Amino acid sequence: IAQGEGPLMDIDKHELAILESIGAGSAGSQRTLSQKAGLSLGSTNVLLRRLIRKGCVKAKALDRRSVQYILTPNGAAEKMRKVYAYTLKTLQAHQVLQARLEAILRKEIAAGHRRFTIVGAGELADLLELTLEKIGRGEISWSRGGAQEGSIVLRVSPERVQEPDTINILDELSKGENA
């Protein structure tokens, strides 16, 4: 197996945080690494020793009290594999969420609704708007902000408002998880 082509090592999120800090050149000491990774100094010491055994990190003595930690080519490859796997997992979760939003909206369109208002902000509201744009194709209209007369309000906030013609998207998404 060529270097960097082997299976993903068993590197946890804390080890990855340490690898990222070392790779970014911000690893002045174990104390600095522990602060960057949000770990205790003892945990950082144990994780560094494990990463050294795995061949991901080298320790180079600068003097009697100072050690420089260096990311090895194997460590850089493992860091990239872990980041790649995390990115794929995030993209898959995004696709699942968009498909669930699309199903909710198609159900409302099938019920005859053609005007929607998105109330709330953030990534979910943005994704909801993109989904409406994707499935709308000129058949429906939507706006963001205050509710417009005759529209179905798509609320993307955790508030449990029971108004007529209001759909709490978070509630609908949680129903889909339990179905």
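The values are calculated or read from the model by the stated rules, or taken from the named source; none is laboratory data. As the structure is a computational prediction, the values presented were derived from the model and not from experiment. Each accessible area value is taken on the protein alone, full model and side chains, heavy atoms only, with ligands, DNA and RNA left out. Shrake-Rupley method; radii C 1.70, N 1.55, O 1.52, S 1.80 Å.
These residues, ARG100, ARG115, ARG137, go from largest to smallest accessible area, 1.4 Å probe, as ARG137, ARG115, ARG100.
For the range 34-128, the gyration tensor built on C-alpha atoms gives a prolate shape. Its axis ratio a/c (a ≥ b ≥ c) is at least 1.5, and a/b is the larger of a/b and b/c. For the chain, the mean projected area of the C-alpha convex hull, equal to one quarter of the hull surface, is 15.3 nm².
Sorting SER21, SER43 by accessible area puts them as SER43, SER21; the probe is 1.4 Å, largest comes first, and only protein heavy atoms count. For the chain, return all DSSP H helices satisfying: extent of Cα atoms along own axis at least 18 Å; mean Kyte-Doolittle hydropathy at least 0.0. Counting only whole DSSP H runs, the qualifying helices are 41-54, 123-136.
Legend: residue pairs LYS13/LYS175; LYS36/LYS58; LYS58/LYS82, Cα-Cα distance threshold 23 Å; pairs beyond threshold, LYS13/LYS175. Sorting GLU149, GLU108, GLU139 by accessible area puts them as GLU149, GLU139, GLU108; the probe is 1.4 Å, largest comes first, and only protein heavy atoms count.
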